[in-house]
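I have placed the structure first, in the form of structure tokens, so that the comments after it can refer back to it.
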Amino acid sequence: MIRHIAVIGAGTMGHALALVHAIGGLEVRLYDNDRQALERASGLIESALATLAEAGEIEAGDAPAIEGRIVPAGELAEAVTEADLVVEAVVEDAEVKREVYGEIHRHAPEGALLASNTSYLDVFPLMRAGRPCLITHWYVPPYIIDLVDVVPGPGCGDEHLDSVLGLVRGLGKHPVVFRRFVPGYVANRLQAAITQELLSLLDEGVVDVQAIDDSIRHGLAARMALMGHMKKSDHAGLALVRKALESGAYVPPPRMLKSRTLDELVESGRTGVMAGAGFYDYAGRKPAELVRERDRKLLALKREIARIGEVG
Ligand SMILES: NC(=O)c1ccc[n+]([C@@H]2O[C@H](COP(=O)([O-])OP(=O)(O)OC[C@H]3O[C@@H](n4cnc5c(N)ncnc54)[C@H](O)[C@@H]3O)[C@@H](O)[C@H]2O)c1
């Protein structure tokens, strides 16, 4: 039974992973080797709780108790000492992760599970045997987005996998299990392919940014939200899908390591919402306000999709 967890790394993902587990009633210890990151985390947790309360996802009166279940730790050893599960969410750097795993192995109780939130690194060779290891890969923001990619690794038997799947489902999340590690899982591989395709259309001047997002929002995304892609293919008819494949009409862009459009934006300081501009201009609106609006609307959409239910 997983009751105590330690989250190592309190950045974009770590603070939110601490929160999602605390909302589920678990006792959480949160550690980061950067004091400021740990301090920032508590502000981010408070603001996320306010959004969730405002959207009716949690009772406003429960927020202090949820926050109280997240205890910052001054040392990694202190964070993991009682953990049943250690969630690693440090920077995506193999050497940093290897070192952190070493420390976790030294200080976590025997039998405690070790789960990494890595997006693209094959962490299993870095984890070393000795305790059950796996990947649980969450999406931003994990207290709203339900998908969790799960990959069993060294020493992870069926009972360990079941226990983690039970935990994730108990948090109201939707785990998908992979038979082996593949960088980016399904969703991030698709996002990477979409990014390459769209940057190539932009670089070639075929369409503008608004046309791209209109195509996705008004075309692709609405059907995908209800059917995914494979079921949507069943609705299109697989003979048609085969014909399109065999025609060779779609030629993916050559592998891109650079994009003119992206370089220009980044070099001019238009790095996205946090900078006030990216592909779009955010007209002086504060990043926190934009994030709150995004989260509020995502929660409303999620509720509506759940109410409508799946097709077929
Ligand atoms: N940001 C995302 O959208 C996202 C989504 C899913 C998965 N991930 C994965 O989650 C992990 C964390 O990503 P992030 O976006 O939260 O990164 P981040 O840079 O926001 O946070 C990483 C944190 O790790 C801390 N850290 C670095 N070395 C450490 C050490 N030795 N001990 C303790 N803490 C240490 C840093 O101080 C920082 O606060 C990565 O593996 C990433 O691939 C990220």
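Computed from the coordinates by the stated procedures, all read-outs in this text should not be read as laboratory data. None of these values were measured; they are calculated from a predicted model. All Cβ positions, even for glycine, are placed from backbone atoms using ideal geometry, and neighbour counts span all protein chains on display.
Between E82 and I58, the contour length at 0.36 nm per residue exceeds the Cα-Cα span by 5.9 nm. A straight Cα-to-Cα reach below 30 Å connects K231 with the lysines K173, K243, K297, K302, residues fewer than 8 places away in its own chain not being considered.
When the chain is treated as a Gaussian network with alpha carbon springs shorter than 10 Å, the biggest mean-square fluctuation among L167, L26, L245 belongs to L245. Under 16 Å of direct C-alpha separation, and excluding same-chain neighbours fewer than eight residues apart, K286 reaches these aspartates and glutamates: D295. Projecting the Cα atoms of A300, M224, P154 onto the dipole axis of the chain, where Lys and Arg carry +1 and Asp and Glu carry -1 at the beta carbon, places M224 farthest toward the positive end.
Dividing the summed -39500 (n - 2.57) terms of all DSSP H runs of n ≥ 4 by the residue count of the chain sets its mean residue ellipticity at 222 nm at -14500 deg cm²/dmol. Over the Cα atoms of segment 1-144, the radius of gyration divided by the Kirkwood radius equals 0.96; this is the Rg/Rh ratio. Taking every DSSP bridge with both residues inside segment 75-199, close to 30 percent are antiparallel. Here each label is just a point 7 Å from Cα along the line to Cβ, and for K302 and E39 those points are 3.0 nm apart. The magnitude of the dipole of segment 88-212, with charges of +1 and -1 set on the Cβ of Lys/Arg and Asp/Glu and taken from the Cα centre, is near 460 debye. Largest mean-square fluctuation among Y250, Y139, Y101, in a Gaussian network model of the chain whose springs join Cα atoms under 10 Å apart, belongs to Y250. Taking A236, A225, A60 in turn, the Gaussian network model of the chain (Cα-Cα springs below 10 Å) assigns the largest fluctuation to A236. Spin-label model, D263 to V96: label points 7 Å out along the Cα-to-beta-carbon direction sit 2.7 nm apart. Paramagnetic label reach from H235 (point 7 Å along Cα→Cβ; backbone nitrogen cut-off under 15 Å): within segment 270-312, residues 305-306, 308-312.
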